[in-house]
Amino acid sequence: MRDTRMTSSTRAVPENDLNRQLRSAKSQLALYAKDLKELLTREQGKSRTLESTNRQLQAYARDLKAAWQAQEQKTRELEKAYADTVVRLTLASRYKDDETGAHIRRVSHYSKTLALVVGLDEDDAQLIFDAAPMHDVGKVGIPDMIMQKRGPLDEREWAVVKQHPVFGANLLAGSPSLLLETAREIAFTHHERWDGSGYPRGLRGEAIPLGGRLVMLGDTYDALRSRRPYKPALSHEETCRIMLDGNDRTQPRHFDPALLEAFREMHREFDRIFSDIREAPDVPDANGEGWGRT
Ligand SMILES: [Fe+2]
Ligand SMILES: [Fe+2]
């Protein structure tokens, strides 16, 4: 049976009370609506602010990107100018020392190839490639009477020749260019030896910067393969034997063991570089006299 009590009780609410309840609910709803509208307005305001901030940020990002690209362009131009300086300095040093252009290019190639084999990345290996040509630039500071002397040097003259890494380092010092700083490091240390018996500072082991160790190995290989006033050109096999087993002037302990091990594995690459890069046509030396002492 249907319960009619509720119906009877609703019917019992007086009309005035009902109206009051309705009015109260209506005003409550109006308040909610007002709150909601305010909330919506605030959110829309926030959203507009966010959009405007976003647009500003995008504009800043575009400006920054443009500034960064302009800076990059300037840096590239500056590095190009430095590289140009390097070429000119290298040319200047060749007036003093008949070190050939081919020798200089080969030393760059040996150093980069070996650098890649021992794990340097392409950029670092390329930096060494670009900086290596200046390894003997300090020879411009050595008097002609010593540089161009025929026959053996005496002790005092050798002492002067052994200053060329210091002259080179001084010549290249103080530049903000990474290229010239690397070149300075290499010029200063390319006659240091792993066992501490090199010059000018007698540095030992890893105290010698890697660039110096790489160039020293390539420079030694190339010097052995090349004719000098005091020695004939040696074959690749004889050169490897000397570097890996030693003779009266060159010993395996002079080289960074990791580099010498890498050289043992890829020495044929050195031979290929030596054969591929022959003397440039501008080499003044026709009879092998006056070639540089490394
Ligand atoms: Fe050299
Ligand atoms: Fe040198």
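Bear in mind these aren't lab numbers, they're just calculated from the coordinates by the rules spelled out. What you see is a predicted model; the values in this text were computed from it and never measured. Positions of Cβ are generated from backbone atoms using ideal geometry, with glycine treated the same way; all protein chains shown enter the neighbour counts.
Across the range 98-172, Cα pairs under 8 Å and at least six residues apart give a relative contact order of 30 percent. The base-10 log of I(q)/I(0) for the range 141-294, evaluated at q = 0.16 Å⁻¹, reads -1.06 [Debye formula, identical scatterers on Cα atoms, solvent excluded]. Estimated from helices alone, the mean residue ellipticity of the chain at 222 nm is -22500 deg cm²/dmol (sum of -39500 (n - 2.57) over DSSP H runs with n ≥ 4, per residue).
Contact order normalised by length for the chain, with contacts defined as Cα pairs under 8 Å and 6 or more residues apart; what percent is it?
RCO, the chain: 18 percent.
Considered as an equivalent ellipsoid built on the Cα gyration tensor, the range 60-163 has semi-axes of 38, 18, 11 Å, the largest given first. Farthest toward the positive end of the dipole of the chain, out of THR250, GLN44, ILE128, is the Cα of GLN44, where the dipole comes from beta carbon charges about the Cα centre. Projecting the Cα atoms of LEU22, PRO176, HIS164 onto the charge dipole of the chain (Cβ charges, centred on the Cα centre) puts LEU22 farthest toward the positive pole.
Annotation: for a label point projected 7 angstrom from Cα along Cα→Cβ of THR75, residues of the range 112-147 with backbone N closer than 20 Å are 121-131.
Length gained on full extension, LEU22 to VAL87: 13.9 nm, using 0.36 nm per residue less the C-alpha separation. Taking other C-beta atoms within 10 Å as the exposure proxy, TYR110, TYR199, TYR60 rank TYR60, TYR199, TYR110 from fewest upward.
How large is the dipole of the chain about the Cα centre if only Lys and Arg carry +1 and Asp and Glu carry -1, each at its Cβ, rounded to the nearest 20 debye?
1880
Here the Gaussian network model covers the chain, with springs between Cα atoms less than 10 Å apart; of SER275, SER27, SER197, SER27 fluctuates the most. Cα gyration tensor of the chain, axes a ≥ b ≥ c as square roots of the eigenvalues: rounded (a/c below 1.5), prolate (a/b > b/c) or oblate? It comes out prolate by the Cα gyration axes.
Please identify the longest segment of the chain free of exposed trypsin sites (Lys or Arg not before Pro), where exposed means a DSSP state other than H, G, I, E or B and no more than 16 other Cβ atoms within 10 Å.
Free of exposed loop sites, the longest segment is 3-148.
The chymotrypsin sites (Phe, Trp or Tyr not before Pro) of the range 143-235 meeting both criteria, a DSSP state outside H, G, I, E and B (loop) and at most 16 other C-beta atoms within 10 angstrom of the site's C-beta, are TYR230.
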